Structures are given as C-alpha cells and as structure tokens.
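Here the structure comes first, spelled out in structure tokens, and everything after it is commentary.
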Amino acid sequence: MKRAQLASGIELDYVDEGPRDAPALVFLHGFPESHRTWRHQITHFSDRYRCIAPDQRGYSGSSKPQDVSAYSPDKLAGDVFQLADSLGRGEFTVVGHDWGGAIAWLVAMLGQGTRVSRAVIANAPHPALFQKLLCLDPVQRSASQYMRTFRDTGNDQLVRDHGLLGMLMKAFDADRLSNGMEAEERDALLADWQDRDAAFGMLNWYRASPIQIPPMDALYELPADWQTPALPPLAIPTLVIWAMEDVALPPCNLDGLEEIVRDLMLVKVPDCGHFVPWQAPGAFNAALDAFLGQG
C-alpha cells in the first residue's frame, strides 16, 4: 500500500501496480469493500496497464471525516482527479463498481474529452435513470429500502455497539455480501467493519447522496416538480458490465441506457450477483480485455 495526500488535505491509501508509463486504469470500489475488490483485475491487467486502486474516502486506512457533508458526490469525484494529479496522470480510464461506479459515472461525465479516455461501469446505476426508477418501479424501490435503514441515525447505536456489521444485519442478510469470497478476504472485510470511524464514513456515502428513496407505501409517480437531471450525455467509449442476478440493482437499470451513453458496449453476466468483479472475474476480465482492445 502507498499513501497519497490530495490537494484537499484528504489522504488515500492506494495500490499502484504495473508499468508507470503504461495507460492507467483507476479502479473505484464500492460499499462496503476496499481496493481488494479489484484483486483479480489488478493481477490480470498489471502486466500491461498501470493499475491504480485506492481505498476511497471513509474506507480502511484512508481519511475518514465524520461530517456527512464531506461525502457529497462532488468531493468524492474530486478525490479521483486529485489522486490522478498526485500520481502525474493526465489521462486515465476509470473503472467503478457499486458506489465506485456511481462516482465513475460522474468522473467520466466531468472528465470526458480532457482527463478520462474511457469509462467502465459495473452494476452501478446511471444517475439520470436511477431516481426515476425509485419513483416508478416497485422492484427497484423495494430493493433500495436498505438505504433508508443506512440513513436512519436512529440505528447509529448498532454501529457503535457492533461496528458496520450491526447495521448490515439489520438491513439485510449480511452473509450474502461475502458469498463465494475467500476466507482471508472475508476476514479482512470483517476487520474493516469493526472500525467505527470507517463504518460511519461508509454510511455517509448514503447520507450525503441527493438520491431520494420513497417508502414502499408512497405513490408510484414522479414528483410534481420532477425534472430530468441536467447531466451531459456520455460520449467517450463506455463499457457497462451488469451481473443479472443482482438483487439490489436489477436489470431494469439498463433500460434507456443506450439513449444517454453514445458509445456503449454492454456485457450481461448471467448467474452472478452484485459483486461481479470477484464473483465472476473471468467474465469481467474478458469483457474489459475486449473493450480495451477496441481501436
């Protein structure tokens, strides 16, 4: 592990493997993991790409500010650009899963044509589509109710008493988080979840998000003041990898994606749950190989 101090004062632990002058892949993990999400990808690609994988803000040994406002999407995206700056990387491909994918969407939109050459998103909804699904789609709304639990500060004593695992057990069956994971990786996650500052840092990603999660008894309709998010279309080459058995983010998140991503390659991974980078590394790496090998 290495450590970078960003211009903002935030410090991030990160892995940096591969030739320093090779094209850079910046890997962004999701909740509630770490840079280890990408262990199979780093092993596979670091012979010909510079693979940079941080523990994001709030996670593991990286800075863990406790104010919710420190986790707004602009600050999280800013961390990515500032990390690239600190490593002397002007241009890079961003690769993100889950919350890392949500930030990768934003990084790609902000950096397309200047800093970000390609984007790779795995099981992370596009921000222009997700809020609409939460308003109108019963399956996605039901699947996202755990986010209301994470945002409820009335549950914070669970975290103080039991670490993040207490919150996970309240929200859903935490066993599914590590289904198929190697024992040493499961142990590392459980150790991370015991860090109370990290636990609240992770939860603050949900608490700072502008996404609204209607309760199940709310009407299935768009708010009277609904406006489509003012986001630029994504014009750079973009690979979306979607594990089709993801119970938190079902395949309805793919509907309409081709209308807002102009250069889209979509790869569906059957018989795989949410954590596709390590649950189906062969399929993931093959898709990324094919995408990076395009012109």
As a test, work out the antiparallel percent of DSSP beta bridges whose residues both lie in the chain, rounded to the nearest 5. 25
How large is ³J(HN,Hα), in whole Hz, for each residue of segment 212-220 in order, when computed from phi with the Karplus curve 6.51 cos²θ - 1.76 cosθ + 1.60 and θ = phi - 60°, using x for Gly and Pro? 9, 10, x, x, 5, 8, 6, 5, 8
Rounded to a whole number, what is D in µm²/s for segment 1-158 from Stokes-Einstein with the Kirkwood radius over alpha-carbon pairs (4 °C, 1.567 mPa s)? 79
Just the number, please: carbon plus sulfur as a percent of the accessible area of segment 158-295, 1.4 Å probe, no ligands or DNA/RNA counted. 52
Taking the Cβ-Cβ separation of Arg48 and Arg262 as r and a Förster radius of 22 Å, what is the calculated FRET efficiency to the nearest 0.05? 0.20
Of Lys75/Lys170; Lys2/Lys64; Lys75/Lys268; Lys170/Lys268, those spanning more than 25 Å from alpha-carbon to alpha-carbon: Lys75/Lys170; Lys75/Lys268; Lys170/Lys268
For the chain, what does the helix formula give at 222 nm: sum of -39500 (n - 2.57) over DSSP H segments with n ≥ 4, over the residue count, nearest 500 deg cm²/dmol? -11000 deg cm²/dmol
May I ask you to list the aspartates and glutamates whose Cα is less than 20 Å away from that of Lys132, ignoring any residue fewer than eight positions away on the same chain? Asp98, Asp217, Glu221, Asp225, Asp246, Asp255, Glu258, Glu259
Order by protection proxy (mean Cβ within 10 Å, highest first), peptides 35-42, 79-86, 98-105, 140-147: 98-105, 35-42, 79-86, 140-147
In nm, to one decimal, how far is the Lys75 label point from the Arg151 one, both placed 7 Å along Cα→Cβ? 1.8
Test of understanding: what is the full-extension gain from Asp289 to Cys252, defined as 0.36 nm times their sequence separation minus their Cα-Cα distance? 10.7 nm
For segment 134-281, what is the Kirkwood estimate of the hydrodynamic radius, computed as the reciprocal of the mean inverse distance between distinct Cα atoms, to one decimal in Å? 17.7
Can you list the HN-Hα couplings for segment 142-157, worked out from phi with the Karplus curve (6.51, -1.76, 1.60; θ = phi - 60°), rounded to whole Hz and with x for Gly and Pro? 4, 5, 9, 5, 4, 5, 5, 5, 5, 7, 6, 5, x, 9, 5, 5
Other-chain or far-sequence residues with amide H under 5 Å of Ala24's (modelled H): Arg50, Thr93
May I ask for log10 I(q)/I(0) of the chain at q = 0.08, 0.15 Å⁻¹, from a Debye sum over the Cα atoms as equal point scatterers with solvent left out? -0.31, -1.24
To the nearest 0.05, the calculated FRET efficiency linking Glu17 and Leu190 through their beta-carbon distance, R0 being 22 Å, is 0.30
Spin-label pair Tyr220/Arg160, simplified geometry with 7 Å Cα→Cβ offset, distance in nm: 4.0
For Asp271, the accessible surface traced by a 1.4 Å probe with all protein chains present amounts, in square angstrom to the nearest 10, to 140
Per-residue HN-Hα couplings for segment 3-10, Karplus 6.51 cos²θ - 1.76 cosθ + 1.60 at θ = phi - 60°, whole Hz, x for Gly and Pro? 9, 10, 9, 7, 4, 6, x, 5
Run the paramagnetic zone check for Thr228: 7 angstrom along Cα to Cβ, then residues of segment 116-139 with backbone nitrogen under 17 Å. 126-136
Per residue, how many Å² of accessible area does segment 188-295 show with a 1.4 Å probe? 47
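The values are calculated or read from the model by the stated rules, or taken from the named source; none is laboratory data. Owing to the predicted nature of the structure, the values given are computational and were not obtained by experimental measurement. Here Cβ is always computed from backbone atoms with ideal geometry, including for glycine, and neighbour counts include all displayed protein chains. Heavy atoms of the whole protein, side chains included, go into the accessibility calculation; ligands, DNA and RNA do not. Shrake-Rupley method; radii C 1.70, N 1.55, O 1.52, S 1.80 Å.
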